[in-house]
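For reference, the structure discussed in these notes is given below.
The values are calculated or read from the model by the stated rules, or taken from the named source; none is laboratory data. Since we're looking at a predicted model, the values are computed, not measured. As a convention, Cβ positions derive from the backbone with ideal geometry for all residues, glycine included, and neighbour counts pool all protein chains shown. With ligands, DNA and RNA removed, areas are computed over all heavy atoms of the protein, side chains included. Shrake-Rupley method; radii C 1.70, N 1.55, O 1.52, S 1.80 Å.
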Amino acid sequence: MNRYLQYFRQAWNIIRQERLFSGIYIVGTGLSITMVMALSIVFYIKIANIYPETNRDRLLIVKSATGKEAKTNSQFSSSLAYSVVETCFLPLESAEAVSAVLDTWDKEGRVQPEGSRDQWPVTVKHVDTNFWTVFPFRFVSGKPFTEADMQSSIQTAVIAESLARRLFGTADATGRTVSLNFRQYRVCGVVRDASLITERTYAQLWLPYTLMDYRNGDGPGNLMGSMIVYILAPSAGSVEQVRQEAIANVNRLNQSLDDVEFSILGQPDRQWQTIFRFWSNSEPDFGIILCQYGLIFLVLLLVPAVSLSGMTDSRMERRMTEMGVRRAFGARVSGLMTQIIAENLLFTLLGGVIGLLASWLIVVLGRSWIMEIGQSFVNLPVEGTEVTLSPSMLLNLPVFAIALAICFVLNLLSSLIPAWRNARREIIHSLNAKQ
């Protein structure tokens with residue numbers, strides 16, 4: 001152990017002696033990790049299981065469809081009509097739960113505090129009872145509205161904890177009345193706030209969709225509407241089985257239609273797929289998308305390493321005399337290689353820490369930009385709301401470890417190869433290198 005500690009002490013002394021080279025090397029490594037980590041955190045936030053979307057690994061989503069009428073050759077694309085949801089997705093036997101959410105253009109409402117003329121803008125989402133199963137919110141007070149409440153179109157609401165405290169001064173607001181757009185709703189439950197990052201679930205007030213006009217279809221066969229479907233598989237391993245059953249139901253619906261061709265364009269999607277589905281009338285090529293982003297990550301890792309390899313090679317040439325002296329005094333080639341590895345490990349660790357801190361800074365300062373990935377202008381938040389990031393969203397340790405390991409390997413290869421070549425030379429040639 002003392003032997004290896006000595007290697008790191010020697011590496012630290014080299015950093016102090018060659019400050020310019022060491023600084024450039026560490027900053028180059030940090031820059032590489034910064035960009036990779038920033039992008040990784042962005043996609044981690046969009047894909048990982050994060051409250052209240054803690055079931056993303058077994059979630060399937062259908063958010064759009066197209067319909068074409070043969071006679072008139074007219075084509076429509078939008079969200080789903082309730083009839084399609086009722087026919088193809090609600091009956092899924094292999095799914096644990098299926099939730100239908102109303103995707104309205106106007107998600108903004110205004111609440112009025114008791115005894116005040118002021119009105120505050122809030123984000124409103126119209127959901128069903130299964131919504132609370134697919135997305136397990138934490139209720140700090142009360143419970144979700146029931147199926148009986150939905151079928152009876154009772155004006156009841158679930159509100160966010162922050163809104164409850166702002167309206168009533170307490171999170172225990174169950175049974176109180178909230179005024180939304182001058183209509184009174186009884187609060188049946190209060191949930192812990194969701195972040196704007198989880199845009200599929202984010203709202204400040206959730207209502208039964210039966211309070212809205214949701215059954216009318218449009219387009220060919222009246223198949224277009226305003227519903228988005230979330231399907232929860234029993235486990236991550238059963239997602240494909242659920243997906244195939246949903247596709248089979250859609251195919252049966254197609255066979256029953258006259259002169260109308262209906263398509264959900266390759267859906268249901270996994271969580272990572274749906275963030276790249278920007279248009280309702282075309283299916284993205286996920287293979288090309290993965291290749292593009294893979295190439296971006298590879299370039300971000302390789303370019304700094306290639307840029308530093310030339311400096312590393314010239315530095316190894318300058319150290320040939322040092323290696324010759326050490327070998328003349330009995331140092332083994334393996335010991336010299338271990339020293340090089342220790343130096344690069346220390347360089348990479350220092351650069352990794354700098355890169356990780358810089359990536360956090362970029363993500364925190366650019367958190368509004370994160371909302372634009374996989375999100376259309378329809379889903380933009382209400383004015384005045386802010387994107388919040390929890391520590392669990394930023395601590396993507398597996399990705400950091402992978403990026404750090406790749407940088408270490410690339411940096412090590414750029415120094416180990418010339419060091420091995422020089423260390424294998426005859427001692428007399430190494431001692432006379434400068435001459």
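The rows are residues; the columns are (1) without any contact (Cβ under 8 Å) to a residue 60 or more places away in the chain; (2) assigned to a loop (DSSP other than H, G, I, E, B).
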{"position": "Y230", "(1), (2)": "no, no"}
{"position": "P234", "(1), (2)": "no, yes"}
{"position": "Q241", "(1), (2)": "no, no"}
{"position": "A246", "(1), (2)": "no, no"}
{"position": "N251", "(1), (2)": "yes, no"}
{"position": "E261", "(1), (2)": "no, no"}
{"position": "L265", "(1), (2)": "no, yes"}
* Asked: From the list I47, I41, I33, which residue is in contact with a Lys or Arg (Cβ under 7 Å, 6 or more places away or on another chain) and either farther than 30 Å from Q184 by Cα or of a type in the set (D, E, K, R) (or both)?
  -> I47
* Name the residue, out of A164, A173, A157, A203, that is under 33 Å from the mean Cα position of the chain (by Cα), in a strand (DSSP E or B) and surrounded by 19 or more Cβ atoms within 10 Å (Cβ to Cβ). => A157
* Does any residue of segment 238-254 turn out to be of a type outside the set (D, E, K, R), closer than 30 Å to S152 by Cα, in contact with an Asp or Glu (Cβ under 9 Å, 6 or more places away or on another chain) and open to solvent by less than 40 Å² (accessible area, probe 1.4 Å)? -> no
* Q292: of a type in the set (S, T, N, Q), at pLDDT 75 or above and in a helix (DSSP H, G or I), yes or no? -> yes
* Could you please find all residues in segment 53-96 being in a strand (DSSP E or B) and open to solvent by 40 Å² or more (accessible area, probe 1.4 Å)? => K68, E69, Q75, F76, S77
* Breaking point among (1) closer than 18 Å to H126 by Cα; (2) surrounded by fewer than 16 Cβ atoms within 10 Å (Cβ to Cβ), for Y185 -> (2)
* Asked: What are the residues in segment 255-287 that are touching a Ser or Thr at 6+ places or on another chain (Cβ under 8 Å), open to solvent by 80 Å² or more (accessible area, probe 1.4 Å) and not aromatic (F, W, Y), if any?
  -> N281
* Among the candidates Y25, Y51, Y7, single out the residue that is modelled with pLDDT of 85 or more and aromatic (F, W, Y). => Y51
* **Top-ranked residue in segment 119-153 [being assigned to a loop (DSSP other than H, G, I, E, B) and in contact with a Lys or Arg (Cβ under 6 Å, 6 or more places away or on another chain); ranked as surrounded by the fewest Cβ atoms within 10 Å (Cβ to Cβ)]** => R138
